[in-house]
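Shown next, in structure tokens, is the structure this report addresses.
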Amino acid sequence: MRASFSKGHGGMSLRTVAWLLYSVFLPVVASAQEKPDSELLLFINQIKAVDHHTHALPAPNPAAKVVSSVDPLGTSPPFFSVRQRETNPEWIAAWRALYSYPHQDASTEHVREAISAKQRLIQEKGKEYPAWILDQVGIEFALINAPALGLGQTEPRFRLVPYADGFLFPFPMADFRGNPPQLRRAEVGLDKAPPPWEEYLALVSSRLRQWKAKGAVAVKFTIAYYRPLEFAPAAEGDAKKIYDRYFQDDATQPRDYRTVDYKTLQNFLFRHVVREAGRNGLAVHVHTGEGGGPFFGVAGSNPLLLDSVLNDVALAQTTFVLVHGGPPFDRALSALIQKPNVYADVSAQTFFHSRHDLSETLRLWLWAFPEKVLFGTDAFTMTPLRGWEEMTWLATKTGREALALALTQMIAAGDITRARAEEIARMVMRDNSIRLYKLAL
Ligand SMILES: [Zn+2]
């Protein structure tokens, strides 16, 4: 999940009042209602995790000048959930844990101290900074969803998951609101008009092989941001006819991909990319469920729309991960992860949903298919003090607590033993991902 962020300056007094209210009342209410078993939580907190989906950034270039921000905490657009907003008191806890921030509030003056402390650490740790952050939150491996790994993001701890969306946009895109960034095409090797059909299909395969050779473990589709996830079966002959017509007409001409013909072409290409990824040993990650921003088509992000793709025997060699676990359709997802090659991760639910809500989703999934559920954060940078580091800390804490809560309730209900709970906890936090991607230090 990614979302654009508009900067501004919030009223500090309102913010302070909001914090006071949250910090005084929220913990009392939460602990009075439900609590994970403390020993089980302690056990889960000590598991070295795999973050299955993150947008963690590389270490900043040491030669780059540090730009000081007037308002490093920033203010949020209305579509940011409560936990993402600058009023969330958990950011303070994150700074305390990561940067030894000594204060209990986020006054303007203290926030400046927090950003200075963070910048000092960035300078001091240099290229070790990304790994150092992972160490602080107990993450051993992180799957980075980005065009490439950067400074300090080295294997084996950091593994690449590049974007594959560009393959579905062979022709230059007409410009309208909600377009995928042009960068998506460049990432797959399309910086201008595409080659003829056969060469194009070959380009897909060779790009996937290159990524695999560079250490990628999967490719990621964010395509639900641009069209519904229903990729109906399409005959190659039909797709080729459309492609050839566009190609002969004018391959450089920008096209509106929302037409029926372009969709048919995409339907074929999606399955082609998915099949080739499987052949080349790359898993396919698909964004499922709600997305960032006020214009995201939620209905089209329903993972059940992928049913015919997941049932396609020609694609049985490909492993799919339904990234974010498809909220608000996450209950329906248990019907998909029963398929042998389909997994789900909890990334984004670990900050977008409450510990309670995530524990309910987990309880449903884990009761039936504990070997198919993967921990993840979807951490990304919103502002200098609500960055991938703070989001990693926050989402990891929620993920561990929600898992502890779900397993505590499953033990109490007689679904599983305590020993099995510990086993499932290790599976979700690390073992399932390690097995899936053959991760090793
Ligand atoms: Zn993401």
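The values are calculated or read from the model by the stated rules, or taken from the named source; none is laboratory data. A quick note: this is a predicted structure, and the numbers were derived from the prediction, not measured. Note that each Cβ is placed from the backbone with ideal geometry, even for glycine, and that neighbours are counted across all protein chains shown. Accessible surface areas use protein heavy atoms only, side chains included; no ligands, DNA or RNA. Shrake-Rupley method; radii C 1.70, N 1.55, O 1.52, S 1.80 Å.
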- Message: Looking at the range 322-341 only, could you name the residues that are open to solvent by less than 10 Å² (accessible area, probe 1.4 Å) and farther than 19 Å from GLY278 by Cα?
- Response: HIS324, GLY325, GLY326, PRO327, LEU333
- Message: Test of understanding: among ALA56, ALA117, ALA106, which residue is surrounded by 15 or more Cβ atoms within 10 Å (Cβ to Cβ), under 23 Å from the mean Cα position of the chain (by Cα), closer than 20 Å to TRP393 by Cα and small (Gly, Ala, Ser)?
- Response: ALA56
- For GLU401, are the conditions met, namely being free of Cβ contacts under 8 Å to residues at least 40 places away in the same chain and either open to solvent by 20 Å² or more (accessible area, probe 1.4 Å) or away from the ligand (no atom under 16 Å from the Cβ) (or both)? no
- Query: Is there any pair with a first residue in the range 422-437 that is open to solvent by 10 Å² or more (accessible area, probe 1.4 Å) and a second that is of a type in the set (D, E, K, R) whose Cβ atoms are under 8 Å apart and which are 6 or more apart or on different chains, and what are they?
  - Reply: MET427/GLU371; ARG430/LYS48; ARG430/GLU140; TYR437/ARG159
- Which condition number in (1) surrounded by fewer than 21 Cβ atoms within 10 Å (Cβ to Cβ); (2) more than 25 Å from PHE320 (Cα to Cα) is the one that PRO147 fails? (2)
- Note on the structure: Note on SER354: of the conditions (1) farther than 17 Å from TRP393 by Cα; (2) surrounded by fewer than 19 Cβ atoms within 10 Å (Cβ to Cβ), unmet is (1)
- Within the set of pairs 6 or more residues apart or between chains, which connect a residue that is more than 11 Å from LEU304 (Cα to Cα) and within 16 Å of the ligand (Cβ to nearest atom) inside the range 328-355 to a residue that is assigned to a loop (DSSP other than H, G, I, E, B) and among the charged types (D, E, K, R) with Cβ atoms less than 6 Å apart? SER347/ASP378; ALA348/ASP378; PHE351/ARG83
- Query: Taking the condition under 25 Å from LEU436 (Cα atoms) and touching a residue at least 60 places away in the same chain (Cβ under 8 Å), does ALA49 pass?
  - Reply: yes
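Take the conditions crowded, with 19+ Cβ neighbours inside 10 Å and at pLDDT below 95 and apply them to ARG255. Does it pass?
yes
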- Query: Could you count how many residues in the range 74-115 are among the β-branched types (Val, Ile, Thr) and either assigned to a loop (DSSP other than H, G, I, E, B) or under 22 Å from ARG355 (Cβ atoms) (or both)?
  - Reply: 4
- Find the helices (runs of 4 or more DSSP H) located wholly in the range 318-413 whose residues include 1 or more that are touching a strand residue (DSSP E or B) at 6+ places or on another chain (Cβ under 6 Å), and list them. 355-368
- the range 282-316: number of residues that are of a type in the set (Asp, Glu) and open to solvent by less than 20 Å² (accessible area, probe 1.4 Å): 0
- Query: From the list THR319, THR361, THR392, THR381, which one is within 16 Å of the ligand (Cβ to nearest atom) and buried (at least 18 other Cβ atoms within 10 Å of the Cβ)?
  - Reply: THR392
- Message: Please determine whether any residue of the range 151-158 is open to solvent by less than 20 Å² (accessible area, probe 1.4 Å), over 30 Å from ASP250 (Cα atoms) and of a type in the set (A, V, I, L, M, F, W, C).
- Response: yes
- Item | Residue list for the range 292-316, restricted to those being within 16 Å of the ligand (Cβ to nearest atom) and modelled with pLDDT under 95 | GLY292, GLY293, PHE296
- Message: I'm checking my understanding of the structure. Among residues of the range 205-228 that are within 30 Å of PHE295 (Cα to Cα) and not in a loop (DSSP other than H, G, I, E, B), which one is nearest to the ligand (Cβ to nearest atom)?
- Response: LYS220
- What are the residues in the range 38-72 that are within 29 Å of LEU160 (Cα to Cα) and of a type in the set (A, V, I, L, M), if any? ILE44, ILE47, ALA49, VAL50, ALA56, LEU57, ALA59, ALA63, ALA64, VAL66, VAL67
